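Since every read-out is calculated from the coordinates, none of them should be taken as a lab result. Treat the numbers as computed from the prediction; the structure is a model and nothing was measured. Cβ sites come from the backbone with ideal geometry, for glycine too, and all protein chains shown count toward neighbours.
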Amino acid sequence: MSETDLSLFLKGMTGIEIILYSACMSAFFYPFLKRKKGVAVVFGVHTVLYFANLFLPDSGLPFMAPVIAVLTAGAKGFGMDKKHTFLLGILFYCVRILSGLAVASVNFFANNVFLKAAAKEETQEAVFHAVLYHYGVTVTLQVGLCAVMLYFVGRQWQKKWKPLHIRELCYLLLTPVTGILFGTVIFRLLIVVKDHTVFDLFEQFPVFGAVLPLVALLFYAGILITIASYQKMADLQEERETYFMEQQQVHAIQERMAQVEQFYDGVRQMRHEMKNHMTNIKGLIKSGSYADVEQYIDKMDESMSMFALTVSTGNAVTDVIVNDKRTAAEKQKTTFTADFIYPASDGYHAYDVGIILNNLLQNALEAVALVQENERYVSLTGKRKKRFFLIQVKNAFAGEVAFDERTGLPVSTKKEDSALHGIGLSNVKRMAEKYAGDVDIKVQKNEFCVTVILQEKN
């Protein structure tokens, strides 16, 4: 084999290496892309900039900066936010460097084995074959190890995918950035040429052959632990927020229940006083004061209207919520219809059903507020079918709805679309899952429909 053949082979292996790493990066990004076609963008950016870096005077790892910069700048174009794109880019290159550190020791010992064996034959072709074999083994090991490490990092990160704040991003970047800096420094020190003399770190300090893989493993474990700890903290924070939100809703329902108690007290008092009212009316009739009788009855009717529940659901909690939302609908000139019968079963908790109703109806009222007055309507139905209880809310709707691919719930495309931010519906979905149920959302023409299915608890 000639030097030309060897040069061509090494260039070919370099090209293959670039393609393999591009494939690794694309596969790493793929699960997090909202637009799956964006995987071609990731592959193309990495490949082009990697090849371009080969023509720079000091080729090597510096190309990672423009790759991350380009991907982060165009993140929205392929369905990701900039913070997540930046984090994934840093994680990828950290894992790549760590895999290189781990294989560096193997590379050193393999180099000694192959080249020493070739030197014994004392032929140029034997040396070339050793170099080729050694290069192929090294590239295969490094790319393979990188792919495996990326797989576990990606799988861990997929367990909890949520929007990142700057503080959280800095926390997650701490370990991989440190790993990148450490790896870059070590790679610079592995082979140093000074005054035409080559200094090999492994030859000077053979202990590094065992230390480097261990250090790489520790950094890698640190990345996984950092991600896992962040996810644990995020879960705890989410649970606290959920608990607080549910407690707030329950507290609001309890306050309305206190008002209902006052309402019933008033009804009982009115009933008690009815005898006196009838006596007074009879007295006015006997005296011939018919005009006073009419006024007296009008005042009684006015007093009685204060204690009227328009919608009766069969449960005090749901009575309060439905009638409260009906009143709110009337104030914003919205047609409100309700055919809701609370299930006569101990398998459903009234406060859970109340939270579902409160969120669904509140979202519906916020949505119809954006519709023309003559087209506003909210429709509520609730019926039991065997072991299942179906709650459905329909409302007029104007605009477009975008759905989150991960949650299946609507997300807002505009900041003012508070009805579609998905927070209320996420609470509804949580309640449905509590009863082994589900939430179905349909948008047809100008109507938004949410159906909640609850399964009766034993």
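At-a-glance table
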read-out: Order by protection proxy (mean Cβ within 10 Å, highest first), peptides 377-387, 78-88; value: 78-88, 377-387
read-out: Relative contact order (%) - criterion: Cα under 8 Å, at least six apart; region: the stretch 316-455; value: 23 percent
read-out: Over 31 Å between alpha carbons, listed pairs 385/445; 34/442; 82/429; 83/394; 282/333; 37/162; value: 83/394; 282/333
read-out: Net charge contributed by nearby residues that have their C-beta within less than 13 Å of residue 229 (K/R +1, D/E -1); value: +1
read-out: Percent of Cα-Cα distances greater than 28 Å, calculated over the stretch 316-455; value: 13 percent
